[in-house]
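Below is one structure, written out as structure tokens, with a few remarks after it.
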Amino acid sequence: MSASVLPVPKLCKGQRVRFIRGEGIIKNYRFESRCWEYLVEMPMGPEPEMGRVGYETMIWLSEVDICSLVNHFSSKMLNLEQKHFAKAC
């Protein structure tokens, strides 16, 4: 008998994230094909003339395609601090 252990997801429900072509909020997640996938809801734009057809503002994305806005902001701040420190030396 063998036990399998699922890796812990890096992101959580309600977290704001960024990805290529947009940003949104994680609504759900699942473990598929040995990696985490997240259901991301994007903000709705203006309603098109033909009306809405459903969940066109939600998309499943792999963990590697998503960047947490918190982590993104932290890395930018770290880079700025490193540049400031380098100029001072």
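Miscellaneous remarks
- ³J(HN,Hα) computed for each position of segment 5-20 - Karplus, 6.51 cos²θ - 1.76 cosθ + 1.60, integer Hz, glycine/proline x: 10, 7, x, 7, x, 7, 10, 10, 4, x, 7, 7, 9, 10, 8, 4
- HN-Hα J in Hz across segment 33-47 - Karplus 6.51, -1.76, 1.60, θ = phi - 60°, x for Gly and Pro: 6, 6, 8, 7, 10, 10, 8, 10, 9, 8, x, 6, x, x, 5
Every number in this text was worked out from the coordinates using simple rules, so none of it is lab data. As the structure is a prediction and not an experimental result, all values here were calculated from the model.
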